[in-house]
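Single-structure report; data block below.
The values are calculated or read from the model by the stated rules, or taken from the named source; none is laboratory data. Everything numeric here is computed off the predicted structure, so don't read it as measured data. Glycine also receives a Cβ, built like all others from the backbone with ideal geometry; neighbour counts cover every protein chain displayed.
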Amino acid sequence: MSLNPEHLAPRDSILARRDARWRLAAFALAIFGTALLRTPGPSAAALCLALLFVWIGRVPGRWYRDRITILLLALIPFLVVAPFTVDRGERLWEWRFLHLTDVGLLFAVTLAMKTVALVTLALTLLSSAPLHVTLAAARKLGVPRLLVQLTLLTYRYVFLLLDELGRLRIALRVRGFRNAMTAHAYRTVGQVTGTLLVRGSDRAEHVAQAMRCRGFDGHFHTLIAFRTRPADVLMFVWIVGVAGGLVAWDLCR
Amino acid sequence: MIDVRELRFAYPDGRQALDGVTIHVTAGESVGLIGPNGAGKTTLFLCLCGVLRAPPGSIRVAGLDPAAMSERKQLPSHVGVVFQNPDDQLFSSTIGEDVAFGPLNLHLPADEVRKRVSEALDRVGMTGQDDRVPFHLSGGEKRRAAIAGVLAMHPEVLLLDEPSMFLDPRGRRELIRLINDLPGTKLIASHDLALVRDTCSRVILMDSGRVVTEGKTEILKDAALMDEHGLEAV
């Protein structure tokens, strides 16, 4: 499985047809609102809403499932520990210093739903347009230029560095290196890390030279044209309204 | 078109990369710059395009002195550089964006930029591939995309640094055809003497930061001379 969202050609959908700036603003606010939720009801509603966007946005099922599976695997340690960390509520099970409460269980379920909802919203946003379009929209919305440029260049070059890491690993293996908890192995990993850093620095220098040779003046200009239509505003108002409603519901409980 | 006189350049670590280089390339000429590793070919290119600071008055390219700040700013629209590794040059998310990068920096109108992108991609045989992402391209395609990015600037002078590096024989053949079709003045630095023979009318041999000799491509057949400077005659 690749983490590269650009491997996915954005599909035509109601979401993909919306202006990238309005879409980004709406999803950013929806993600922020979802992150504020603390109770199970609104969190479940947020998850349902996020899944609705997956459907509306025609996010490819397998691409989405692969990423959510990794997320859930990474969440397991937190979900296992979380129910035991809350003292409040009715004790459902007890053993020596360990105790499981209903509030703790609900906390874990809420945590899982919120996290999946957040990542689902982010994946839907990523799959709705090529990354450079989303980043150009971010710039138009006032995200600092440096941050946008760093993200764009990191995204472009992280895969090259991963390729180089892959080649270095092969070079190590064909010379008999195996991972082990020995001083030699740690030293080797340190040297590989150093080599990658040096190569990364060299590449950064070369890229900077290539950019200067083509007249780079510190600003990324783009041909992407943004145009606001009534449907963009409607989508924004709807998403932000629903997200605001969920936050209000959460605060009232 | 390219006039270099007694150019000396030393890196901050004290290494003298160029030691009194003098070359002259006339408009429309295609000249090969050959020499072993460390001869100073890439350093010369970086001085010509103003990335490395050369002493004032030692270089004139397309009528501009890269040492003068005001003239250096005009260089990108006159001098195009294709670097050794196309991955260093293709930094945008899509080929179209990358080819448009230079013209957009020249603050050209959007329609003109689109026209130039389309023309440049046509010229390198990548018509309609604007939306492809750089890491999906083969070595030959990356090279052609990098050349398109430079051609879109409509440079009068084209500097190609080891253009056949990372290419398979088919990619190399296509590149030779492409270079021969390119307009303008070309300076091609390469170890690939067969490529130089097939694309250039004149050759400059460099070693240890100096120009050893220059002449017609016949000197590429001089086995003793090539061997003395770490090259193989073709």
Some residue of the stretch B:194-210 being modelled with pLDDT of 90 or more and over 26 Å from A:C213 (Cβ atoms): yes
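Which residues, taken from the stretch B:169-197, are small (G, A, S) and on the phi < 0 side of the Ramachandran plot?
B:G171, B:A189, B:S190, B:A194 - these are the residues of the stretch B:169-197 that are small (G, A, S) and on the phi < 0 side of the Ramachandran plot.
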Those helices (runs of 4 or more DSSP H) lying entirely in the stretch A:137-253 with at least 2 residues under 22 Å from the mean Cα position of the chain (by Cα) and in contact (Cβ under 8 Å) with a residue 12 or more places away in the chain: A:145-174, A:230-252
Failed item, numbered, when A:A25 is tested on (1) without any contact (Cβ under 8 Å) to a residue 40 or more places away in the chain; (2) in a helix (DSSP H, G or I): (1)
A:T154 being surrounded by 19 or more Cβ atoms within 10 Å (Cβ to Cβ) and among the polar types (S, T, N, Q): no
Qualifying residue in the stretch A:224-238 (condition: modelled with pLDDT under 90 and either within 30 Å of B:L151 (Cβ to Cβ) or surrounded by 13 or more Cβ atoms within 10 Å (Cβ to Cβ) (or both)): yes
Where a residue in the stretch B:175-194 is within 23 Å of B:G215 (Cβ to Cβ) and crowded, with 18+ Cβ neighbours inside 10 Å and its partner, wherever it lies, is at pLDDT below 90 and β-branched (V, I, T), with Cβ under 8 Å and at least six apart: B:L193/B:V234
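Per-residue answers, yes or no, for (1) surrounded by fewer than 16 Cβ atoms within 10 Å (Cβ to Cβ); (2) within 14 Å of chain B (Cβ to nearest Cβ); (3) of a type in the set (A, V, I, L, M); (4) within 25 Å of A:A225 (Cβ to Cβ):
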{"position": "A:R21", "(1), (2), (3), (4)": "no, no, no, yes"}
{"position": "A:G33", "(1), (2), (3), (4)": "no, no, no, no"}
{"position": "A:R38", "(1), (2), (3), (4)": "yes, no, no, no"}
{"position": "A:S43", "(1), (2), (3), (4)": "no, no, no, no"}
{"position": "A:F78", "(1), (2), (3), (4)": "yes, no, no, no"}
{"position": "A:D87", "(1), (2), (3), (4)": "yes, no, no, no"}
Members of the stretch B:56-74 that are under 20 Å from B:R8 (Cβ atoms), without any contact (Cβ under 8 Å) to a residue 60 or more places away in the chain and within 13 Å of chain A (Cβ to nearest Cβ): B:P66, B:R72
Set A:L75, A:L79: member being under 30 Å from A:R11 (Cα atoms), out of contact with any His (no Cβ under 6 Å at 6 or more places or on another chain) and of a type outside the set (G, A, S): A:L75
Pairs where the first residue, in the stretch A:55-84, is more than 20 Å from A:V109 (Cβ to Cβ) and the second is loosely packed, with under 11 Cβ neighbours inside 10 Å, C-beta under 7 Å, 6+ apart: A:D66/A:M1
Residue count for the stretch A:223-238, restricted to those that are within 14 Å of chain B (Cβ to nearest Cβ) and aromatic (F, W, Y): 1
Some residue of the stretch B:93-109 being farther than 26 Å from A:T154 by Cα, modelled with pLDDT of 90 or more and within 8 Å of chain A (Cβ to nearest Cβ): no
Given (1) within 8 Å of another protein chain (Cβ to nearest Cβ); (2) touching a residue at least 24 places away in the same chain (Cβ under 8 Å); (3) over 30 Å from B:V25 (Cα atoms), index of the condition B:Q89 fails: (3)
Qualifying residues in the stretch B:132-145 (those that are out of contact with any helix residue (DSSP H, G or I) (no Cβ under 6 Å at 6 or more places or on another chain) and not in a helix (DSSP H, G or I)) - the one farthest from the other protein chains (Cβ to nearest Cβ): B:S138
Qualifying residue in the stretch B:113-128 (condition: touching a helix residue (DSSP H, G or I) at 6+ places or on another chain (Cβ under 9 Å), in a helix (DSSP H, G or I), within 11 Å of chain A (Cβ to nearest Cβ) and surrounded by fewer than 18 Cβ atoms within 10 Å (Cβ to Cβ)): yes
Top-ranked residue of the stretch A:141-172 - restricted to ones that are away from every other protein chain (no Cβ under 12 Å) and basic (K, R), ranked as nearest to A:V192 (Cα to Cα): A:R169
Residues (in a helix (DSSP H, G or I) and more than 9 Å from chain A (Cβ to nearest Cβ)) located in the stretch B:146-160: B:I147, B:A148, B:L151
Test: A:R203 is within 14 Å of chain B (Cβ to nearest Cβ) and either more than 30 Å from A:A16 (Cα to Cα) or not aliphatic (A, V, I, L, M) (or both): yes
Subset of the stretch A:124-140 (residues that are under 20 Å from B:I95 (Cα atoms) and away from chain B (no Cβ under 13 Å)): A:S127, A:S128, A:A137
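Conditions (1) surrounded by 21 or more Cβ atoms within 10 Å (Cβ to Cβ); (2) farther than 27 Å from A:D217 by Cβ; (3) small (G, A, S); (4) touching a Pro at 6+ places or on another chain (Cβ under 8 Å), marked per residue:
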{"residue": "B:G14", "(1), (2), (3), (4)": "no, yes, yes, no"}
{"residue": "B:T43", "(1), (2), (3), (4)": "yes, no, no, no"}
{"residue": "B:C47", "(1), (2), (3), (4)": "yes, no, no, yes"}
{"residue": "B:G50", "(1), (2), (3), (4)": "yes, no, yes, yes"}
{"residue": "B:R72", "(1), (2), (3), (4)": "no, no, no, yes"}
{"residue": "B:F83", "(1), (2), (3), (4)": "yes, no, no, no"}
{"residue": "B:Q89", "(1), (2), (3), (4)": "yes, no, no, no"}
